1. What angle, in degrees between 0 and 90 and rounded to the nearest 10, separates the Cα long axis of helix 221-231 from the longest principal axis of the Cα atoms of the chain?
2. In whole Hz and in residue order, list the ³J(HN,Hα) couplings for the range 156-163 that follow from phi through the Karplus curve 6.51 cos²θ - 1.76 cosθ + 1.60, θ = phi - 60°; x for Gly and Pro.
3. Can you quote the Å³ per residue value for the convex hull of the Cα atoms in the range 44-134, rounded to an integer?
4. How much of the DSSP beta bridge set in the range 14-155 is antiparallel, as a percent to the nearest 5?
5. Once you put a point 7 Å from the Cα of Ser33 and another 7 Å from the Cα of Thr49, both along the Cβ direction, what distance in nm separates them?
6. Can you list which of the GluC sites (Glu not before Pro) found in the range 251-327 are DSSP loop residues with at most 11 other C-beta atoms within 10 Å?
7. Looking at the chain as a GNM with Cα springs under 10 Å, which of Ala223, Ala43, Ala296 has the largest mean-square fluctuation?
8. Do any trypsin sites (Lys or Arg not before Pro) in the range 282-328 lie in a DSSP loop with no more than 12 other beta carbon atoms within 10 Å, and if so, which?
Amino acid sequence: MTAKAEDIDVAELNCKPSGLTITWQNSSYSVYSSLWLRDNAPAHRDASTGQRLISLVDLPLEPRLLTAERWPPDHITLSWDDGETAVFSVQWLRAFDRSLRMNARPTRLPWMGQPAAHFVRCAYPDWVADPAIREDWLYYVGRDGLAFLSDVPVEDAAVLQVAAHIGLVRETNVGRIFDDRGGADLAVHTDSPYRDPVPGFQMLHCLSAAGHGEERNFVDGMAAVERVRAHDAEAFSALCQTPILYRFQDANADLAAERTMLEVDTREQFRAIHYDDRSIAPLPLKGPLLKKYYAAYRQLADLLCDPARSVHYRLQPGELVLFDNTRILHGRTEGEGGSSHLQGCYLEADGLYSSLAVLSRTRSSHHDDGKD
């Protein structure tokens, strides 16, 4: 996942007091303001953590660039009119070109129902032994929201062994791990919309399987949401803009969170779906707004229940599934001949993506050093 050489080779530098323009060998170009460059000078960041060592008020209001020189190799040295200098890596400048809209996380790709075999799967011993396999697996987790492992030890709390290679376990009122012993049909849903924040990812590890028939079901909420957006913009807006209350109560907990059923980011791209019929409190709406919301809610519900959107899979002992709880809905169909026993845990999304970034960075470093 490293950039191609022609994408980061410099063809020309154009330095003006207000900023720097770099023309690349592939004929694209990047523009950086003088203030942004001064603010992000490598000397202003801790070399180990990347944390800022200065405040914005320490900088000139309008720093003016004087020169830009391609030196040392693969770097650009800049100087300002007040005597300050900074040396930037060409690769770093390319990576931070905001016009490229590079994302630190894999781009999510929507999908319809298909065989579970179409999603990434690998054997746990190989996954542990080879960081490159683990990196690729985590990449597809981010892209597709769903991935499988086989040959995980069939023993109590083995799910935590897997989690230790991925990131941070999210502890809840039921502990670090929970037991899922199958049972009646369970409609597809996302977990814990009444928690703040919502758990990012969920893992389920099969310790024993039902006699036959029981399956786990997965639906891509992102694909369904984009279908609503494309065909009914008003319904999409209602689900994105109307906060509702999610709640869970038992003898030991009283959890509540107000949020919209759908979330988008600052560029109006899909961010999350929070969908669990069981946890939605009575809607705090009236009149035309209530009618409009119920119509939008029903439209989304019908899409999520469409069999053509579902992936069905019967987990066997030693198999594990990991899915994005802010995107992938999961459910269960009842089996016969006893119930399955799965153990699960929640993972923080930032921990998973941090692990992916570190694995990718290490792999790139080895590649640049000429190592396999």
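1. In the chain, helix 221-231 runs at an angle near 80 degrees to the longest axis.
2. These are the phi-based 3J(HN,Hα) values: 4, 6, 4, 4, 6, 5, 5, 4 Hz.
3. Taking the convex hull of the Cα positions in the range 44-134, it is 204 Å³ per residue.
4. So the antiparallel bridges amount to about 85 percent of the total.
5. 2.7 nm
6. Glu268
7. Residue with maximal mean-square fluctuation among Ala223, Ala43, Ala296: Ala43.
8. Lys286
The values are calculated or read from the model by the stated rules, or taken from the named source; none is laboratory data. Predicted model only: the values in this text are computed from it and were never measured. Methodologically, a virtual Cβ is constructed for each residue, glycine included, from the backbone with ideal geometry; neighbour enumeration extends over all protein chains shown. Protein only, heavy atoms only, side chains kept; ligands, DNA and RNA dropped before computing areas. Shrake-Rupley method; radii C 1.70, N 1.55, O 1.52, S 1.80 Å.
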